Amino acid sequence: MNGKVLILCLLPFTAQAQGFAGLGAEAGDFAVPQPDPQFDFPTDHGAHPDYRIEWWYVTANLEAADGTPYGLQWTLFRSALAPETQAGWNDPQLWMGHAAVTTPEAHFVTERIARGGIGQAGVVADPFEAWIDDWRMSGIDTGQLTASGPDFAYDVTLEATGPLIFQGEDGYSVKSAAGQASYYYSQPFYEVTGTLTLPEGEIEVTGNAWLDREWSSQPLAETQTGWDWFSLSFDDGAKMMGFRLRQTDGADFTSATWIAPDGTATPFNDALAATPLETSDVAGRAVPTAWQVQLPERGVDVTVQAINPQAWMDTSVPYWEGPVTVTGSHDGRGYLEMTGYE
Amino acid sequence: MTRATLQALLSHWIRNPLQLFTLLAGLALATALWSGVQAINAEAAASYDAAAATLGEGTYDQIVARDGGSIPQETYVALRRAGWLVSPVVEGRLSGVRIVGLDPLTAPGGLGPVDPVDTDIAAFLSGAGQIFGQAEVLAGLAELDAQRIEAPDVAPGTAITDIGLAQGLLGLDGQVTRMIVSPEQPLGRPDLAQVAPDVTVQAAQAGSDLGRLTDSFHLNLTAFGLLSFAVGIFIVNGAIGLAFEQRRPVVRTLRALGLPLRRLMALMALELTAMALIAGTLGVALGYVIASLLLPDVAATLGGLYGQSVSGTLQLRPAWWLSGLAVALLGTGLAAAAAFWRLARMPLLASGQRRALTVVAGRAAWVQGAVALVLLAVAGLLALTANGLVAGFALLGTLLIGAALALPLILDRVLALAEGAARSLRAQWFWADTRQQLPGLSLALAALLLAMAANVGVSTMVSSFRLTFSGFLDQRLASELYVTAEDEAQAEALVAFAAPRTRAILPIQSAEAQVRDLPTEVLGARIGPTYVDNWTFLASVPDPWARIAEGSGVAINEQLSRRTGLDLGDAVQLQGRSFTVAGIYGDYGNPIGQAILTEPVFAGLYPQVTPLQFGLRLDLEDVAALRAALTREVGISEGNLIDQAGIKQFSLDVFDRTFMVTTALNVLTLAVAGFAILMSLLTLAALRLPQLAPAWAMGMTRRSLGVVELVRAVMLAVFTAVVALPLGLALAWALLAVVNVAAFGWKLPMFLFPADYARLGLFALGAAALAALWPAWRLARTPPADLLKVFSNER
């Protein structure tokens, strides 16, 4: 039997046909994000079981001593069958972890799936720990991040050098003209040191990481088929998050946040332009792996190029996620995520 | 022309409906036996696949508790959090159903045989839950809240559900029975002992022991099926041969009219193919009936002997009904080959005269004798050296075929001797005529020989087995009452209550171990008169129980001894301590190894095992009173009290049901052999008129000719039976001493059952006489005109 088929049936956000991974699902009994959120930390670093989906999403641009660029991903997804939580196997909270390391030549990826309620996976807000099996992220300001797969592993430390950034309107991130939204904040100011274990051996790396925290119950509209998401760190210290949600009518819904080097965040709706420049044949699909990204309000007009165009996440819900280089009006590096490419 | 030819050919069957019936019935019967056995095998194989898919024992390594008990769920979580990709399984029995609880998110095989596409996983994981199983299993779980979903591919007797639900149903909250180890593990995970010292990895059972055991059983069934098919083909061969002989004049006429030989052959082949398909279809249908009648017994057999669950209901699987049809066609082809060959070589203007077959003589007989001798020599060699299942079955094959080939030659010699010794003319004629008839009957007689030998062999094996088994039960079930406590507290109360009321209390406690890589159950025995007096060893050092009691010795079962080569005086390692083998005992029906230690030593090695089961020694007449008292005073439930007589009866019932299949197949093969004799005699009857007519002309009455026919058939059956008896005993010996050892790991003593053989011989004679009765009666009623015709000009 194909385990993946099972997983596809299993995860509620994949159970519906419309939208990428069914993210356009109805909220049902689940709570729905409301404007003007009041975050409460450290509690909000933890899980929000009333909401259907949630993630703790770390991406990192790393570099070895010889200058080779690496990408690192650590993601913990929470997916609820019902808006509640309880101890034991009956807990309707399910967890899925994705971990990946991208080199210019190779892309290592692995996945874990677990049930809540028995201690195999979960998130504790204070002291912060998010885990699934042996994968851990511990600490928000200073932390440790580990994961392992059959052919790779990593163990890095994270050190936040700036404040949390609230995306959209103070952390209320609108995803469609119809008003679908999520709660969304980030920590884009991590400095990273640590070790990658790859088939060729252990590699000491340094670099930067970016944490995204997002939770919602129906973040996409039914007419949205997928998204292209950018997190870019420019050499001058400024950063930019931007995404483009593709709609069935061919139009896009875009949103961006400009993050000044001091951590001041400015949201932009419908100001971002992201245009594919070239596509690569990835896992039998045409996936754009070079982009022109423009935010005229901030004078941004850059080319975003995948370091490894084959950074395909061959997981239960497949998507593209990998490190990129940035050239043009601003130079830098970042991460690109693309979903919904059939 | 084609149409006219077909009409001419088919008119033969209209004029001889009995022949048509013989042909169709023989072929259908042969196909039925073959496809019935195939159906049973296919059903069992599908059940095993389902079981393997449920459990993954054959595919994946397993983690089990060192003490054989359950594992705390925390150990599972600790292993996952250390990077071990394992999946928990909880297993137990509820209302006679094996409940398997899985975690579909981590199980490498997912939900096993449950089709995930039809599954609402959210419902499976949460709420009242779902249970998957076959209809009869679900019917037994009707009182549960969970949604019950029929899943035909789930192993019989098994229900699959979520681990959380299963824990609750089985009263195993917070515990797992074992864990499946994923084949792919991440880098850098620590040693198992570092994370969970109380568990151990059990390697995937490549080609499991159970598989080998059941293979042997199915090999037995297949051999029976083939034997029956061979016997059936004898019948068909007879019928076809007869039809071709009788149609010689038609063939000559048709060809003289200008019909090309090629077209004639094609039409006859078409005719036979049509018949083969009709008979094959009938046979498959009949096979389905046979299989569905026998399957419950086969299921009981496998369940009782090997603990394998096989579905008691039959499904139509293309594999066996297609093979049934193919075999019918193939068999017809085989049976008709000789007839076609003769037809093709028949000169165009050869007379339409029918020829009876002549005495076995010359080169052909010499070759047949040589082949038989070689086969029997090979069998003899194998008997001395055979070691393993394949060699065992090769031994059976060479023995049976060699004997079947030798039979006509032996009978011919015997008849020749009798002929030489005969005084009267009539006796001389009788013997000579019998000899002359032998080639026509030899196939049928060979069928009878095989059927009888198989009967003798199998019934000797089964009866020897039963005798040994019941003796073994007496030895192993010495206690008068067996009690199982629900927990340690109840066990203590039970011991306290029963101690003053019984002669002895024998705890039954065991732990799992590996001895030289063989899974072994270690027992802790309270050594006393029960063991010393009742226990018989296959081999032992002097005073074995004293050695075991003092702590230096261990008793092991025959399986452990044979599979690992352990012998008396050898050292056995258990939990790091060394014990000397003091005795080897027979342990029939147990697929794994077993070792017995004295109770104090066992308690030292496996301190975590506390006995919950006890054998109580007391006077038989006090059993009922104690049963009642235990229920009343200690709160032991009725289901946890089993008296010795009950267990023995149950075990013997299982055993007897087991071999009902064998008995049924025995009767069927004998019936088929009888049918073969009938058909051969009918075939010969028509051909033999030219030989009988002179005897009639010289004064023998038709009645005495008929009596002679009858006597002849019975006498030939007697001769065949005389040959069949030693052959059957050789077969039994091969089954007990070679096949059994290879398949099961134990050797059974062979006992002889002369009364059974005598009865069987009478049956065989009865069958032969019955088969000969009608041809003899027909002969006695042959119109004199027919006999006169023999002397007419036409011949």
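Readers should treat all values here as calculations from the given coordinates under stated rules, not as data from a laboratory. Here the structure is a predicted model, which is why all the values come from computation and not from measurement. Methodologically, a virtual Cβ is constructed for each residue, glycine included, from the backbone with ideal geometry; neighbour enumeration extends over all protein chains shown.
A compact table of results
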{"item": "Fewest-first sequence of B:Leu293, B:Leu716, B:Leu9 by Cβ atoms within 10 Å of each Cβ", "result": "B:Leu293, B:Leu9, B:Leu716"}
{"item": "Three-way shape label, segment B:559-623, alpha-carbon gyration tensor, a/c 1.5", "result": "oblate"}
{"item": "Cα-projected label distance for B:Thr610 with B:Ala256, points at 7 Å along beta-carbon direction, nm", "result": "10.0"}
{"item": "Segment A:30-338: C-alpha gyration tensor shape, a/c 1.5 cut-off, then a/b vs b/c", "result": "rounded"}
{"item": "Relative packing of B:622-631, B:543-552, which averages over residues the other C-beta atoms within 10 Å, highest first", "result": "B:543-552, B:622-631"}
{"item": "Using a Förster distance of 41 Å, the FRET efficiency for B:Leu187-B:Glu150 (Cβ separation, nearest 0.05)", "result": "0.45"}
{"item": "Shielding score for B:98-106, defined as the mean number of other chain Cβ atoms within 10 Å", "result": "4"}
{"item": "Total charge dipole magnitude, segment A:30-338, about the Cα centre, Cβ charges on Lys, Arg, Asp, Glu only, Debye to nearest 20", "result": "600"}
{"item": "Potential extension, A:Thr161-A:Asp236 segment - 0.36 nm per residue separation minus Cα distance", "result": "25.5 nm"}
{"item": "Inter-chain Cβ neighbour average for residues B:181-190, partner chain, 10 Å", "result": "4"}
{"item": "From phi via Karplus (6.51, -1.76, 1.60), per-residue ³J(HN,Hα) for segment A:64-76 in Hz, x at Gly/Pro", "result": "7, 4, 7, x, 5, x, 10, x, 9, 10, 9, 10, 10"}
{"item": "Dipole axis of segment B:475-651 (+1 Lys, Arg; -1 Asp, Glu on Cβ), positive-most option in B:Ala485, B:Leu630, B:Leu523", "result": "B:Leu523"}
{"item": "For B:77-87, mean number of other protein chain Cβ atoms within 10 Å", "result": "4"}
{"item": "Length added when fully stretched, B:Ala377-B:Thr281, from 0.36 nm per residue minus Cα-Cα", "result": "30.5 nm"}
{"item": "Extreme residue, positive dipole direction of segment B:60-203, given options B:Pro190, B:Val64, B:Ile160 (C-beta unit charges)", "result": "B:Pro190"}
{"item": "Residue order, fewest to most surrounding Cβ atoms within 10 angstrom, among A:Phe30, B:Phe614, A:Phe268", "result": "A:Phe268, A:Phe30, B:Phe614"}
{"item": "Net charge of neighbours whose Cβ lies under 10 Å from the Cβ of B:Leu254, counting Lys and Arg as +1 and Asp and Glu as -1", "result": "+4"}
{"item": "Per-residue ³J(HN,Hα) for segment B:159-171, Karplus 6.51 cos²θ - 1.76 cosθ + 1.60, θ = phi - 60°, Hz, x for Gly and Pro", "result": "10, 10, 8, 5, 4, x, 5, 5, 4, x, 4, 8, x"}
{"item": "Cα pair count fraction exceeding 28 Å, expressed as % - segment B:475-651", "result": "26"}
{"item": "Hz values of 3J(HN,Hα) by residue in segment B:560-572 - Karplus curve (6.51, -1.76, 1.60), Gly and Pro given as x", "result": "5, 5, 5, 6, 10, x, 6, 10, 3, x, 6, 9, 10"}
{"item": "Gyration tensor verdict on segment B:387-517 (Cα atoms; rounded if a/c is under 1.5, prolate if a/b is larger than b/c, oblate otherwise)", "result": "prolate"}
{"item": "Ranking of A:Leu62, B:Leu254, B:Leu18 by count of other Cβ atoms within 10 Å, fewest first", "result": "B:Leu18, B:Leu254, A:Leu62"}
{"item": "Point-charge dipole on Cβ atoms (K/R +1, D/E -1) for segment A:74-144, about Cα centre, debye to 20", "result": "140"}
{"item": "For B:Gln202, distant residues with modelled amide H under 5 Å away", "result": "B:Gln62, B:Ile63, B:Val64"}
